[in-house]
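Please read the structure below before turning to the comments.
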Amino acid sequence: MFGIGMPELVIILVIALIVIGPQKLPDLAKSLGKGLAEFKKATDDFKQTLETDGRTEEEKEHLAKLAEAKRKAEEEQAKSAEELRVKVEGTEAAPAAPAAKAKAEAEKTA
């Protein structure tokens, strides 16, 4: 336990019995037991909270890596699509400017 053997524990209990008295000793022991149980529960909750926070940080890092991988994959896909479009059209046309797109749409509706 705390380096306390059986003989030392018996001496402590005898001194407690003499000082506190036989009537209040059971109540004191009961209160002490409840206090130790609450302390153990609080430390277990604290440990669980620390473990949960650690897992949360790991999950955030993992999600950031996944988002980066997704972004890279989308860039590669867009690049491949552009290369395919160029091969199909035969010429490399620059993307139309927003004003040119608006003008072309206006001509279609007119």
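Of note:
- Neighbours by Cβ (under 6 Å, 6+ apart or cross-chain): first from the range 18-41, without any contact (Cβ under 8 Å) to a residue 60 or more places away in the chain and surrounded by fewer than 10 Cβ atoms within 10 Å (Cβ to Cβ); second among the hydrophobic types (A, V, I, L, M, F, W, C) and assigned to a helix (DSSP H, G or I): none
- Identification of helices (runs of 4 or more DSSP H) wholly contained in the chain with 1 or more residues that are modelled with pLDDT of 85 or more and β-branched (V, I, T) yields 6-20, 25-89.
The values are calculated or read from the model by the stated rules, or taken from the named source; none is laboratory data. The structure displayed is predicted, hence computed values, not measured ones. So basically every Cβ, Gly included, is an ideal-geometry build from the backbone, and we count neighbours across all protein chains shown.
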